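Working notes for the structure below.
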Amino acid sequence: MPNYRRKRSQGLTRIIIAGLLLLLFFNAGNIGRFIFPLPFRQVIFREAAMAGVDGTLVAAIIKTESNFDPGAVSVKGARGLMQVMPETGRWAAGKKGLPGYTPDLLFNPEYNLKIGVWYVSELYREYNGDVVLMLAAYNAGRGNVNKWLEQNSWTGDRNNIDQIPYPETRQFIRKVLFYQQTYRYLYIASPGRDLPTK
């Protein structure tokens, strides 16, 4: 009798596990979206499209920089979703013709994205569409990246990220590239996944 109950219990456990696996398989996108939400996605993809930048790349930068917290402030004073430095914000606002700039505007998600995405597009153009160089410059500054390239401290190659002198920049690039693939898969890679762009 006890042997029968044990077998019955094992059979029930297998059925439950199989059911859970099927549930995970058919709801992987929903579970993934729960683990990797994409707040502000309409604004992110709108600004990215206007600047000619991949929206999943912008989302990945935001995830890495602030984890989508519009009130985030770094130790160095970078602000908002894309962790824009106040001086960079002032410079970018001037270039974009946005009047009335104050550093506190960087806490406004839409304003922060206008500035941050524009800056990403500028770096993207400066580095001839090389995402890794652009990300390195976004994190460490274009002056540092140009110095590394001139001094052959780093070849600039995606396969040689370990050559980058700043550990923080190496980690930043790796995280952004991982999150970009994650957001691309979860939000735009499969049929039936809606991603507002306007």
message: Yes or no: the range 170-180 includes at least one residue that is β-branched (Val, Ile, Thr), assigned to a helix (DSSP H, G or I) and at pLDDT 95 or above.
response: yes
task: Mind counting the residues in the range 109-140 that are of a type in the set (Phe, Trp, Tyr) and closer than 22 Å to GLU168 by Cα?
output: 4
message: Quick test of your reading of the structure: ILE31 fulfils all but one of (1) at pLDDT 95 or above; (2) among the aliphatic types (A, V, I, L, M); (3) over 21 Å from THR169 (Cα atoms). Name the failing condition by number.
response: (1)
- prompt: Among the residues of the range 112-142, how many are within 27 Å of GLY100 (Cα to Cα) and in a loop (DSSP other than H, G, I, E, B)?
  reply: 1
query: In the range 86-103, which residues are buried (at least 18 other Cβ atoms within 10 Å of the Cβ) and part of a loop (DSSP other than H, G, I, E, B)?
result: TYR101
field: Inter-residue pairs, beta-carbon under 7 Å, first farther than 18 Å from VAL58 by Cα and in the range 79-100, second among the small types (Gly, Ala, Ser) and part of a loop (DSSP other than H, G, I, E, B), 6+ apart
entry: PRO86/GLY77
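The values are calculated or read from the model by the stated rules, or taken from the named source; none is laboratory data. Not measured: the values here are computed from a predicted model. Ideal geometry is used to build each Cβ from the backbone, glycine not excepted, and the neighbour counts take in all protein chains shown.
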